[in-house]
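Report on the following structure.
The values are calculated or read from the model by the stated rules, or taken from the named source; none is laboratory data. This is a predicted model, so every value here is computed, not measured. Every residue, glycine as well, gets a Cβ built from its backbone with ideal geometry; the counts of neighbours run over all protein chains shown. Surface accessibility is based on the protein's heavy atoms, side chains included, excluding ligands, DNA and RNA. Shrake-Rupley method; radii C 1.70, N 1.55, O 1.52, S 1.80 Å.
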Amino acid sequence: MSSTFGRTRWRRFTAMLLGGLAATAGLVLLTGKGVLAASFSISGMPFTVTSPKLHGYGFAQYAEMDHMAPGSPNEGDTGGQVLVIVSAIRDAELDGLCQSIALGGINLKITAGSPADKVTADTLVVDSDVITANATFKTIDIGQDAGTLDRVPGKKGAIGVFGQQAEEVTLTNLRQNNYATTAATFHLPNLRMAFTSDGC
């Protein structure tokens, strides 16, 4: 009886890699054109987003449950649900953007913008389970019912859920672990997408 070790199942690896590439590239391109709806089934594959600085007017934040498509191979023991922090910004500017997703030993990495040529977005909505940054808010309301938020038109949570909103927000050294991003418009100057050994 003999066993073979160290063999890579290239068809399976390629299918997973291309599936992740298609999903991530499609998300970036479709959100850039404002095609995606406000709600959709998430893939369940988290991705990292970083930016040296984000500044925005009109900010709202609340908790929500994201759902994967029925039968998703990524549901694990979550039941296909992920509790996320929804952060919505009416008008956002970023001094550069990096997004990466781990795909079995390699990363699909997307970069765009700079302090001189900013990434901009209208009605930017990000679903995260971890956010770190240095934050400054102007005219902030903390503990407001999420169902009554009105700083970002059309973006509010369920009645009875904890929420907060502000007139203006500045986040530096921003890092997010995200499950979804949508925007009405998303301008990404000098967009670059490539497979790399390192993520963001």
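Taking the range 102-183 as the region of interest, the strands (runs of 3 or more DSSP E) fully inside it that hold 3 or more residues being small (G, A, S) are 119-145, 162-182. Of the listed requirements (1) open to solvent by 60 Å² or more (accessible area, probe 1.4 Å); (2) of a type in the set (S, T, Y); (3) within 18 Å of the chain's Cα centre (by Cα), T148 misses just one: (3). Inside the range 65-86, residues that are aliphatic (A, V, I, L, M) and either crowded, with 18+ Cβ neighbours inside 10 Å or within 22 Å of A166 (Cα to Cα) (or both) make up a count of 5. Within the range 175-185, can one find any residue that is closer than 23 Å to G44 by Cβ and basic (K, R)? Looking for residues that are closer than 23 Å to G44 by Cβ and basic (K, R), one finds at least one in the range 175-185, hence yes. In the range 22-34 there is no residue that is open to solvent by 30 Å² or more (accessible area, probe 1.4 Å) and at pLDDT 90 or above. Taking the conditions (1) more than 22 Å from Q81 (Cα to Cα); (2) modelled with pLDDT of 95 or more in turn, S128 satisfies each one other than (1). Of the residues in the range 154-164, at least one is open to solvent by 60 Å² or more (accessible area, probe 1.4 Å), modelled with pLDDT under 95 and within 19 Å of G58 (Cβ to Cβ). Could you please let me know if S100 is within 14 Å of the chain's Cα centre (by Cα), modelled with pLDDT of 95 or more and open to solvent by less than 70 Å² (accessible area, probe 1.4 Å)? When the stated conditions are applied, S100 passes them.
I'd like to check something: does the range 108-119 contain any residue that is basic (K, R) and open to solvent by less than 60 Å² (accessible area, probe 1.4 Å)? Before you say what the answer is, go through the steps one by one.
Start the filter on the range 108-119 by keeping residues that are basic (K, R), which leaves 109, 118.
Checking which are open to solvent by less than 60 Å² (accessible area, probe 1.4 Å) leaves us with 109.
Among the residues of the range 108-119, at least one is basic (K, R) and open to solvent by less than 60 Å² (accessible area, probe 1.4 Å), which makes the answer yes.
So, in the range 172-188, exactly how many residues are open to solvent by less than 30 Å² (accessible area, probe 1.4 Å) and touching a Ser or Thr at 6+ places or on another chain (Cβ under 8 Å)? Qualifying residue count for the region: 6. I89 falls short on exactly one of the conditions (1) open to solvent by 60 Å² or more (accessible area, probe 1.4 Å); (2) part of a strand (DSSP E or B); (3) in contact (Cβ under 8 Å) with a residue 60 or more places away in the chain, and that condition is (1).
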